Amino acid sequence: MLRWLTFALIALCAGPAFSQTYDREGFVLGGGFSYASENFDESGIDFDDTGAVDLLGGYRFNSIIGTELRFEQTFDFEGDTPGPDVDVDIWALTGNLQFYILTGQFQPYLGGGFGLGEADVEVHGPGGDDDFSDPVWRLFLGLDSYVNENIAIGAEVAYNFGVDDLNDFDYWTMSALFKYRF
């Protein structure tokens, strides 16, 4: 009996030493790689999917609300046409608001944001190149999985859609992310 009581006392005292606070407020920096799937509204051109890179910085205000500034750059979406080939690469800089659903080691979240984006259209042949800069929207759903209090790895699915001239260049991203919390 004394042995079980000693074991229980050690477990109760050691518990707080092993507990970690994953939902604390503070700054975060991170980055990642994405698979980008086009949803372009360009008839007659078949675009291939591509990759993207992400850089982000943010601040978590409390256990359920955070903000993020994210830069995303896609590689070339290559388009095949009967005429000249067309390549499109897109960058977007968005300010996002995140809502965390759970606050433990695994934290699903959803959110959205608004910012500025640009599509660089390169035509290989007659027709010329063009750039379109306009506002963009971003909606996303993700999961952060904490390795320890400071390091999280995660996955995220997002839909990016533009306004005005950029409304023809909507795309999905599926991202693998690394985040460091201060």
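Surface composition of the chain: carbon plus sulfur atoms contribute 65% of the solvent-accessible area (1.4 Å probe, protein chains only, all chains present).
Relative contact order of the chain, taken over Cα pairs closer than 8 Å and 6 or more residues apart, is 21 percent.
Go ahead and estimate [θ] at 222 nm for the chain from helices alone: -39,500 (n - 2.57) per DSSP H run with n ≥ 4, summed, over the residue count, rounded to 500. Show your work: numbers first, answer last.
Working: 1 runs with 17 residues, N = 182.
The helix contribution divided over the chain gives -3000 deg cm²/dmol.
When the dipole is taken about the Cα centre of region 33-128, and only Lys, Arg (+1) and Asp, Glu (-1) are charged at their Cβ, what size is it in debye, to the nearest 20?
Details: 2 positive and 18 negative charges, 209 e Å.
Dipole about the Cα centre, nearest 20: 1000 debye.
Each of Val123, Phe77, Trp172 was placed along the dipole of the chain (beta-carbon charges, centred on the mean Cα), and the one lying farthest toward the positive end is Trp172. Per residue, the chain exposes 55 Å² of accessible surface when a 1.4 Å probe is rolled over the protein heavy atoms with every protein chain present.
Can you classify region 83-182 as rounded, prolate or oblate using the Cα gyration tensor, where a ≥ b ≥ c are the square roots of its eigenvalues, rounded means a/c under 1.5, and otherwise it's prolate if a/b beats b/c and oblate if not? Could the numbers behind the result be given before it?
Numbers: a/c = 3.32, a/b = 2.43, b/c = 1.37.
Prolate, since a/c reaches 1.5 and a/b exceeds b/c.
Using the Karplus relation 6.51 cos²θ - 1.76 cosθ + 1.60 with θ = phi - 60°, the per-residue 3J(HN,Hα) values for region 66-82 come to x, 10, 8, 10, 10, 10, 10, 10, 8, 7, 5, 7, 8, x, 9, 10, x Hz, with x marking Gly and Pro.
The values are calculated or read from the model by the stated rules, or taken from the named source; none is laboratory data. Keep in mind that what you see is a predicted model, and the values were worked out from it rather than measured. FYI the Cβ positions are ideal-geometry reconstructions off the backbone, even for glycines, and counts take in every protein chain you see. Note: accessible area is taken over every heavy atom of the protein model, side chains too, but ligands, DNA and RNA are not part of it. Shrake-Rupley method; radii C 1.70, N 1.55, O 1.52, S 1.80 Å.
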